[in-house]
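All of the numbers you see were taken from the coordinates with simple rules; none came from a lab. Not measured: the values here are computed from a predicted model. Note: ideal-geometry Cβ built from the backbone for every residue, glycine included; neighbour counts use all protein chains shown.
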Amino acid sequence: MIDDKRRSSRYIDADQAAVQLRKEIRRADAIVIGAGAGLSASAGFSYSGERFYEHFQDFADQYGFRDMYTGGFYPYKTLEEYWAYWSRYILLNRYQEAPRPVYRQLLEVIGEKDYFVLTTNVDHCFQKAGIDKQRLFYTQGDYGLFQCSKPCHDKTYDNEAVIREMAERQENMRIPSELIPYCPICGRPMSMNLRADASFVEDDGWHLAADRYARFLREHKRNRVLFLELGVGYNTPGIIKFSFWKMAAQWPDAVYACINQGEAYVPEELAGRSICVDGDIGEILLRLEEKE
C-alpha cells in the first residue's frame with residue numbers, strides 16, 4: 001500500500017520535463033488526465049486579486065470578503081442578493097472563456113491519443129476547449145446546472161439563459177424577485193449542482209460519465225497508460241491523486257506524471273516510474289509543444 005507520509009520530491013527542470021513527458025505521451029497506449037483547480041488557475045481563472053475586485057467590488061465593500069470563494073459561502077439575507085452574487089460568479093467562471101488557452105494546449109499536446117478526463121473542476125473549461133463529452137467525467141458537478149436544494153428528485157437543469165438574465169438585470173446587488181429559480185416539482189429554491197454536501201444530485205448524465213470512465217479503465221488496465229495529473233491539490237485528494245497513485249503502482253505498465261505549482265511530488269513507491277514537475281502547467285505545456 002502506498003504511504004502518503006513517505007513522499008519523494010523528484011523535481012526535474014522544465015526542459016527535462018518536456019523531453020520525458022513527450023516521450024511518455026508518444027509511448028502511451030492511453031492517457032488518463034486528472035484535472036484539478038490548478039489547471040484552471042493556470043488558464044487564468046483566479047478567484048482573488050484584480051479579477052475578483054473587477055467584478056465584485058460592491059460585495060467586497062459591503063461585506064468585507066476578499067475572494068470569490070468566501071463570497072459564495074456568505075449567508076445572504078435574501079435570495080435576490082444570493083443570486084445576484086452567484087449569477088455574476090457563474091457567468092464569469094462558467095460562461096466566459098478562460099483568459100489563457102491552457103486547456104486547448106493540453107488537447108493539442110495529447111493529439112490523437114486515446115484519453116479520458118477525470119476532473120473535479122466545475123467550470124466547463126474542457127467542453128469549451130472542444131473535448132468530446134464522452135471522454136469526460138466531471139465528478140463534482142457543473143456551475144451550468146441547477147438542482148432542487150432538497151433535493152426532491154435526481155434531475156438537473158441548464159441555467160445559462162436565466163443566469164445571463166440575472167446578471168444583466170440586477171441592481172444594487174439584487175436580482176428581480178421573479179428571476180429566483182424554484183424547483184418545478186416541490187417549489188423549493190433551486191441551488192447549483194455542486195458537491196458540497198449530501199444534497200448533491202448525481203443525475204443520469206453523471207452516472208453515464210462514471211460508467212464510461214470505469215469502462216475506459218477496465219479496457220486499458222493492461223496497456224501502457226500514462227496517468228497525467230494536472231493541478232490537483234489536497235481538497236479532495238481521494239478522487240484523483242490517491243486513485244492515480246494506486247493504479248499507477250498496481251498496473252504493470254503504468255507511468256504517473258504530475259505537474260503542479262508548489263505541490264508536485266510522488267510517494268517513494270512511484271519514484272522510479274514517475275515524472276514530477278513543480279511549475280506552471282501552461283508554461284510546461286508550451287515547452288511540450290516546442291519539443292515536437
Review point. Hey, of (i) 1.41; (ii) 0.99; (iii) 1.07, which did the structure itself give for Cα Rg over 2.2 N^0.38 Å when calculated?
Key: (iii)
Study note, to complete from the structure: Check: C-alpha center region 102-149 vs C-alpha center region 237-266, spacing in Å is 19
Exercise for review: Quick one: work out the % antiparallel among DSSP beta bridges in region 6-152, nearest 5.
Suggested key: 10
**Study point:** Distance in nm between pseudo-label sites at residue 204 and residue 247 (7 Å out along the Cβ direction from Cα)
**Key:** 2.6
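Please give the FRET efficiency for residue 97 paired with residue 169, using the beta carbon to beta carbon distance and R0 = 22 Å, rounded to the nearest 0.05.
Working from the Cβ atoms, E equals 0.45.
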Check your understanding: For region 189-242, which GluC sites (Glu not before Pro) are both in a DSSP coil and crowded by at most 11 other Cβ atoms within 10 Å?
Key -> none
Check your understanding: Out of 272, 45, 127, whose Cα points farthest toward the positive end of the dipole of the chain (charges: +1 Lys, Arg; -1 Asp, Glu; placed on Cβ)?
Key -> 272
Check your understanding: Hey, what number do you get for the chain at 222 nm if only DSSP H runs of n ≥ 4 count, each worth -39500 (n - 2.57), divided across all residues, to the nearest 500?
Key -> -11500 deg cm²/dmol
Study note, to complete from the structure: For residue 263, placing the label point 7 angstrom along Cα-to-beta-carbon and taking region 103-118, residues whose amide nitrogen sits under 17 Å are 118
Exercise for review: List 139, 78 from most exposed to least, where exposure is judged by having the fewest other Cβ atoms within 10 Å.
Suggested key: 78, 139
Exercise for review: For each of 217, 39, count neighbouring Cβ atoms within 10 Å of the residue's Cβ, then give the residues from fewest to most.
Suggested key: 217, 39
